[in-house]
Amino acid sequence: MASITLDSKEWLKHLGQFDSAINDLSLRIVEMGHQLAYSVGYQTHFFTVTESYEGAVTKGGTIIISDLDKVCIFLRKCSGDVTFKQISNGKTLYITNNELKMQLPVTDCTSIKLVPTYENLVSASIENMWESFGQGNYPIHGTADLSEMLKLSSLKKLLNTGADYSVKANAESGEISIQAGKQHDIRLFATTNLTDAQGPAYSVTSHYGAWLLPCLGYLEPRESTIHFGPSTALIIEQQRAGAYRLLIVIDQEE
């Protein structure tokens, strides 16, 4: 039986970060390194997380959450350690916090259906040092503190339907920026320094849909590694001791 125990606030950090479009999740519980890992894959984005919690894992395996919203409602009433358990291929998820307990039926998990495809593409990209991803070429690489840019993730409601979203980067000037909105309408801008930048001596731009800003909400406000190119996905890696996040935001076809 896969089993892992985390503080309720840690659970909410992981499970409560998704918007309403994602309501199921497959957790990989790894005994070696006491790791919690999960990935989601859609036509618009790929997001994967691995984080270590010393002593948290009792038994490795897979835990399927079929209704994130209901689980998060329960977690907000919990305090302290919360244990998630599920028998391999079982149809019930067991959640325990002292005298509070929840049992949740397990059904299909749609968020992982495209994950194997993305994982194959990511493996190939890591081998070529992120010079390409799929059919796209990525000439710009650098690091950026995304703390200010991530504030845009909660401002989507300020923009009208049909707003334009774009990312522009220039390795020579050492800047990366996000622009959202339409001319003669509400527009949002955020710019940050791109340090240790590699790339051409001109600006490179890619366009996205309304999914760009919500996807930024999956990142931590910290220094990140950026991989970018003309009309390509936006690739962001975040790494700290015992934790790794990778976000790939798919560009909008012209």
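The values are calculated or read from the model by the stated rules, or taken from the named source; none is laboratory data. This one's a predicted model, so the numbers in the text were calculated from it and none came from an experiment. Ideal geometry is used to build each Cβ from the backbone, glycine not excepted, and the neighbour counts take in all protein chains shown. Each accessible area value is taken on the protein alone, full model and side chains, heavy atoms only, with ligands, DNA and RNA left out. Shrake-Rupley method; radii C 1.70, N 1.55, O 1.52, S 1.80 Å.
Under the condition of being surrounded by 14 or more Cβ atoms within 10 Å (Cβ to Cβ) and in contact with a His (Cβ under 8 Å, 6 or more places away or on another chain), which residue from region 178-219 is nearest to PHE18 (Cα to Cα)? It comes out as CYS215. Scanning region 1-56 for residues that are assigned to a loop (DSSP other than H, G, I, E, B) and touching a strand residue (DSSP E or B) at 6+ places or on another chain (Cβ under 8 Å) yields MET1, PHE18, ILE22, ASP24, GLU31, GLY33, HIS34, THR44, TYR53, ALA56.
Listed by position, the strands (runs of 3 or more DSSP E) contained in region 68-172 that have at least 1 residues being polar (S, T, N, Q) and under 23 Å from VAL204 (Cβ atoms) are 140-145, 164-170. Within region 19-37, residues that are under 13 Å from TYR53 (Cβ atoms) reach partners that are of a type outside the set (Asp, Glu) and open to solvent by 60 Å² or more (accessible area, probe 1.4 Å) with beta carbons closer than 6 Å, at six or more positions or on different chains, in the pairs ALA37/ARG28. Cβ separations smaller than 7 Å between residues 6+ apart or across chains give the following pairs from region 95-121 residues that are in contact (Cβ under 8 Å) with a residue 40 or more places away in the chain to residues that are open to solvent by 80 Å² or more (accessible area, probe 1.4 Å) and part of a loop (DSSP other than H, G, I, E, B): VAL106/LYS91. Selection of region 168-177 for residues being open to solvent by less than 40 Å² (accessible area, probe 1.4 Å) and over 18 Å from THR232 (Cβ atoms) yields only GLY174. Within region 109-167, restricting attention to residues that are among the polar types (S, T, N, Q) and under 18 Å from LEU212 (Cα atoms), the residue that is surrounded by the fewest Cβ atoms within 10 Å (Cβ to Cβ) is THR161.
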